1. Rounded to the nearest percent, how much of the accessible area of the stretch 11-75 (1.4 Å probe, protein heavy atoms only) is carbon and sulfur?
2. Residue by residue, what Karplus-based ³J(HN,Hα) values in Hz, rounded to whole numbers, does the stretch 21-38 have, using 6.51, -1.76 and 1.60 with θ = phi - 60° and x for Gly and Pro?
3. What number comes out for accessible area per residue over the stretch 11-76 if the probe is 1.4 Å? Units Å², please.
4. Normalised by the number of residues in the chain, what is the relative contact order in percent for Cα pairs under 8 Å and 6+ residues apart?
5. Amide H of LEU8: which non-local residues (sequence gap of 5 or more, or other chain) have their own amide H closer than 5 Å, using H built in the peptide plane?
6. Starting from 0 in steps of 5 Å, tell me what percent of the Cα-Cα pairs of the chain lands in each bin.
7. Could you compute the net charge surrounding ARG29? Neighbours are other residues with a C-beta less than 15 Å from the C-beta of ARG29; K and R count +1, D and E count -1.
8. Let me check I've understood the local charge: for LEU38, count other residues with C-beta under 13 angstrom from its C-beta, Lys and Arg +1, Asp and Glu -1. What total comes out?
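The values are calculated or read from the model by the stated rules, or taken from the named source; none is laboratory data. Predicted model, so just to flag it, every value in this text is computed and none were measured. Cβ coordinates were reconstructed from backbone atoms using ideal geometry, including for glycine residues, and neighbour counts include every protein chain displayed. For the accessible areas, the whole protein counts, side chains as well, though only heavy atoms, and no ligand, DNA or RNA atoms are used. Shrake-Rupley method; radii C 1.70, N 1.55, O 1.52, S 1.80 Å.
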Amino acid sequence: MLRAGHTLRFTPDEIEGFRKLGLDFDGARTQDDVEQVLTRWADTLNDERPDLLDKIAAELAKTKGVHLPARLTRVR
């Protein structure tokens, strides 16, 4: 990813790698755009494969050396 001020650009190899993960950064030009794409991806993953999202979150936490908060449940 290349940055020029607030503008972001991705290399073709990065775009292909992200697409393999289900991320589509087409049209993403700012950090806010990237955050929106990641939020949509995480929401979709949470709806379709919450177990996989939990595994990803656990691995990210382990990499950063932090503990995940207790899992919350939604009450309707």
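1. Within the stretch 11-75, the accessible surface is 55 percent carbon and sulfur.
2. 8, x, 9, 10, 8, 4, x, 6, 10, 10, 4, 4, 4, 5, 4, 5, 4, 5
3. Computed with neighbouring chains in place, this is 86 Å² per residue.
4. The value is 17 percent.
5. Long-range HN contacts for LEU8: THR30.
6. 3, 13, 18, 21, 19, 15, 8, 3, 1
7. Every neighbour counted, the sum reads -4.
8. Local net charge: -4.
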